[in-house]
Amino acid sequence: MMHMNPRRQQQLLLGLGPEAAPPTLDNFIVGDNHEPMARIRALGDPGAFDQIYLWGEPGCGRSHLLAGAREAALAAGRNVCFMRGSDLGGELNAPPGSLIIIDDVDTLDETAQITLFRTFNAARLVGLALLLAGDRPPLRLELREDLRTRIGAALIYEIHPLGDIEKAAALRHHATTRGMRIDDALIDYLLHHGRRDLPSLLWMLNEADQASLELKRPLTLPLLRDVLARNRQRTPELQPAVPMKEKEREHEPGAV
């Protein structure tokens, strides 16, 4: 367990890529998500039968939390059924007392929606806990009305993304664990010119560190700029998100 602030316990995702540590509840940066984290931790208890729905913007950590909940429940000896919405079919065979975890419920097809609805109905009878996640609040899910109502009756938590201060602290800590020397100007540049989600920022920091090692050069602002530009050409999805007002302005008459 790491302590980035003596008064506030935070969990850190230490790496990305093939060498990355697997997602757990202990390496997730909690930020403003203390209540859902406590609820999710409690699901490891085989006697807990809560029904929880998480939602939030891409990169907020929904999938990390679900994967961490799975590992925590298995470690506690609870049976877990874990799947993505697109993988759920016409049957869901879960022994009594199981924790059912389904990510991306917004991708459920018609057959899978019926399956999940039946699972909700059976949950109290056979002692099942449900942990679901999607990309939007229940009322905006394009699902059957009866299923949307069941999800809406669950404990609903929006997973809030980290603020820049917390992201900067995570980047500094990650740099330290890799033995990198990085100043605040580089972190500030990465926050303002990279992707907004923490996994992408950490991945880009790893790329910059690798380039520094290969070129035998210290990590400077010009080198970081080069790495960002090179990776945007190779991976267009790493382009920083454009604020809505800027997007709208691009289509205004006379916009440059």
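Each residue, ASP164 and GLU142, gets one label point 7 Å from its Cα in the Cβ direction; the gap between the two is 3.5 nm. Annotation for ASP87 and ASP188: the two label points, set 7 Å from Cα along the Cα-Cβ direction, are 4.4 nm apart.
In angstrom, the C-alpha Rg and Dmax of region 164-238 are 11.2, 30.
Ratio of Rg to Rh for region 34-158, alpha carbon only, Kirkwood? Don't skip to the end; give the middle numbers.
Working: Rg = 13.0 Å, Rh = 14.2 Å.
Reported Rg/Rh, Kirkwood definition of Rh: 0.92.
Figure legend: label point modelled 7 angstrom from the Cα of ASP226 along Cα→Cβ; residues of region 182-215 with amide N under 19 Å from it are 182-183, 186-187, 189-190, 194, 204-215. What the pair-distance distribution of region 87-146 shows, using all Cα-Cα distances binned every 5 Å from zero, is 4, 18, 29, 27, 15, 5, 0 percent.
Laboratory data are not the source of any read-out in this text; all were calculated from the coordinates shown. None of these values were measured; they are calculated from a predicted model. Cβ sites come from the backbone with ideal geometry, for glycine too, and all protein chains shown count toward neighbours.
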